[in-house]
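A quick write-up on the structure given underneath.
The values are calculated or read from the model by the stated rules, or taken from the named source; none is laboratory data. Remember, predicted model here, so these are calculated numbers, not experimental data. Here the Cβ is made from the backbone with ideal geometry for all residues, glycine too, and neighbour counts use every protein chain on show. The protein model used for the area step is the full one, side chains on, heavy atoms only, and it has no ligands, DNA or RNA in it. Shrake-Rupley method; radii C 1.70, N 1.55, O 1.52, S 1.80 Å.
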Amino acid sequence: MRHLPPVGAEPRLPPGTHRNDWQTIATLLPYLWQHKARVLLALACLAAAKFATVGVPVVLKHIVDAMDAVTRQPAAALAAVPVALIAAYGALRLANSLFTELREVLFARVTLNAVRTIALRVFRHLHALSLRFHLERRTGAVAREIDHGVRGITSLVSFTLYSILPTLLELALVIGYLAFNYEPAFVLIVGASLVVYIGFTVAVTNWRVKYRRQVNELDAKASSRAVDSLLNFETVKYFGNEEFETRRYDDTLVAQQKMALLSQQSLALLNTGQQLTIAVAATLVLWRAALGVANGTMTLGDLVLVNAFLIQLYIPLNFLGVIYREIKQALADVERMFSLLERNREIADAPGAPALALRGGEVRFERVDFAYDPRRQVLFGVDFTIAAGTTTAVVGATGSGKSSLARLLFRFYEAGAGRVLVDGQDIRAVTQASLRAALGIVPQDTVLFNDSIEYNIAYGRFGASRDEVVAAARAAHIHDFIERLPDGYATTVGERGLKLSGGEKQRVAIARTLLKNPAILVFDEATSALDSRTERIIQGELERIARGRTTLVIAHRLSTIVQADQILVMANGRIVERGTHAELLAAGGEYARMWQIQASESPAATTITEGAGR
C-alpha cells in the first residue's frame, strides 16, 4: 500500500466548527510548502516577470523621448535611432514571457502534488468513516464535494499565484515609480481609484455571493437527484414514475435558473461600476499628464509611460470581481472538502492496537446492547458463543436484529454495551484491518463494481492467479455461465452489477468470498436470490467450505440451516430460543412454529432438506 507524502502539522478544528477563509488557507499551506525550493523559485520568477513588465513602459518612455529629440533635429543621422533601447524593450518583453512560463512550470508540480495528496487523504478518510456516515449522506453529493474541492484548490492556487500576487507586486512597483518621479497628484489619483475600485468590487461581489451560493446549492441538489434517480433506474421503471422524476428534477432546474438570472444581473452592475471607476481615473491621469507636457514639466515619453502604466494596472483589475468571486467560491469548496476530514471517524483503532491473533476463530457476543439511534434500541443483552470450527445459525422475523450481528462483528458499528470477542480478544482492542482480514461475508444484497466479472471475483484477494479465480467460480457454480458469455470473464457487469440477475450476482459474491478464504465466514441470506435447485447445489457447497471454519449463518429459510451446530432464534432484539434443529422442533416453541409455517408453504423443499439433515 502506498503511503501518502508526509506533511506538516495541519490546523484541526473542533467537530462542528465552521472554518473561516484564513483557517482554510492555513490548512492548505503545509501541502504546498512540501516543495519549498520550487515555491521559492516560482516566487522569484514571479518577481522577475513583474520587474520586466514594469520596465517595459520605462524603456518605452526613453525611446519616445529619444525619437522626439530626433524629430526636433531632422538632420540627425540614422545612428540617432536608440537601437540599444529598442533591443532592451524587446528583451524585457521576452523576459516577462519567459519568467511567467517558468513560474508556471515550476509551480505546476506543487499544485498537482497538493491536489493528489489532499484528495487521497479525503478518500482514505471517507473509507475510514463509519457505515452510519455513508448511510446518512448521498454518495453523489459527497463525490461532488471532493470534485469541487480538488478543482477549488487548483483555482485558488492559480488565481492567487498567477493573478493576485503579480497584480499586487506590479501595483507596488508602479506607485513607487510614480511617487519618486512625478508629482503627488498621480499617486493620489491612482491610489484613490484603486481604493474605490477594490472597495466597490468587494462589496458588490459579497452581495452577489448569496446568489452564487444558491446557484451552486441548487446545482448540487439537481445533480444529486439525477444520480439518485439513475441509480434506481429499475425502481423508477417498476412504478412508472419517469414523469415524476423528470418534474422533480425540473423543479430544481427552474429554481437554479431564477437564481442564475439574478446572479447575471448583479454581475452587469458590478462590471458597469468597475468600468466607470477606470474611465474616470484614466481621464484624470491623462489630463494631469497632458498639463505636465504643456507646461514643460513632463515629456511626451512621460505621458506615454503614465498611460502604459494605467493600461497594465487596469487590465488585470478588470477581472478582479471575477477573480475575487472565484477565490471565495474556491475557498468555500475547499472548506467543504476539508470539513470531511474533520468528521469524527466514530470507529477508530485504539492507539498502538495489535493485529488480531487467530487461534481457531471462536466468536463470542457477550451481553451486547446496540442501537442505530439512541431512541430505538435494536439488540438487548445478546449473549452467545460460536465455538471455533462450528456453525451457528440465526433466524427470526424481519427487524429482529439478525443482520446487526454481522455489522457489529465486522465493526461497522460499536456495541452500546457488552463486548464482541474473537478468540478472546475484544475486537475494539485490535486493528480493524486484521479483524476484517479474518472475516468473509456473502451478503443478502450483493453490490458489484462496474467492471469485469473477473475483477469482481478477484476483489476477494487481489494477487490471486487466474486459475484460483476460475476455481472459486467453479466452486460457486458460476463458471459454466461465465464461459457461455461472449466476453467470458471479461464481461462487464454494469453499474452495481445490474447486467446480472440476482442469482448470478449472488454466485459472484460467493466466489469472491471463497477466493478470500477467511477463517470466519458470515452468510447473510446468502442463497436468498437463488432458485430452489441452485440453492440446494450451492447450499451443499457452502456447507462444504464452512466445514472446519467458524461460521455465522443469518437465514430466513429454515431449510437451509438444519445442519447447523447451534441455532439461535431472535425476536425483538433478544435471543428467545437456542439449540439444534431437532431440539428446537422438540421444544415446540417459536422455531417449531416458524418451521411449520415454512413447511406448509414449501413442503417438498423442506422434506428434502430435512431428510438430508437426518
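Take the residues in the range 294-346 that are in a loop (DSSP other than H, G, I, E, B) and modelled with pLDDT of 75 or more; name whichever of them is least open to solvent (accessible area, probe 1.4 Å). Full working, then the answer.
Pass one, the range 294-346, residues in a loop (DSSP other than H, G, I, E, B): 295-299, 318-319, 342-346.
From what is left, the residues that are modelled with pLDDT of 75 or more are 295-299.
Numbers: N295: 101, G296: 62, T297: 99, M298: 16, T299: 56 Å².
Here the answer is M298.
State the number of residues belonging to the range 575-591 that are open to solvent by 20 Å² or more (accessible area, probe 1.4 Å) and among the hydroxyl-bearing types (S, T, Y).
Count: 1.
If you scan the range 195-205, which residues turn out to be open to solvent by 10 Å² or more (accessible area, probe 1.4 Å) and either in contact with a helix residue (DSSP H, G or I) (Cβ under 8 Å, 6 or more places away or on another chain) or not in a helix (DSSP H, G or I) (or both)?
Start the filter on the range 195-205 by keeping residues that are open to solvent by 10 Å² or more (accessible area, probe 1.4 Å), which leaves 195-196, 198-200, 202-204.
Result: V196, I198, F200, V202, V204.
Do we find a residue being at pLDDT 80 or above, aromatic (F, W, Y) and farther than 30 Å from D333 by Cβ anywhere in the range 101-120?
No, the conditions are met nowhere in the range 101-120.
Failed condition for I278, given (1) farther than 30 Å from I315 by Cβ; (2) surrounded by 13 or more Cβ atoms within 10 Å (Cβ to Cβ), with all others met?
(1)
For the range 549-574, which positions are open to solvent by 40 Å² or more (accessible area, probe 1.4 Å) and within 43 Å of the chain's Cα centre (by Cα)?
The answer is R549, H556, R557, N572, R574.
What's the number of the only condition in (1) farther than 23 Å from R507 by Cβ; (2) of a type in the set (A, V, I, L, M); (3) in a loop (DSSP other than H, G, I, E, B) that L435 fails to meet?
Answer for L435: the failing condition is (3).
Across the range 520-548, which residue is modelled with the lowest pLDDT among those that are open to solvent by 60 Å² or more (accessible area, probe 1.4 Å) and assigned to a loop (DSSP other than H, G, I, E, B)?
So the residue we want is D531.
Which pairs turn up if I take residues in the range 485-504 that are at positive phi and look for partners that are part of a helix (DSSP H, G or I) and among the polar types (S, T, N, Q) with beta carbon separation below 8 Å, at least 6 apart in sequence or on another chain?
G497/N456
Could you tell me how many of the residues in the range 399-417 are without any contact (Cβ under 8 Å) to a residue 60 or more places away in the chain and either open to solvent by 50 Å² or more (accessible area, probe 1.4 Å) or over 23 Å from A437 (Cα atoms) (or both)?
Looking only at that region, the number is 3.
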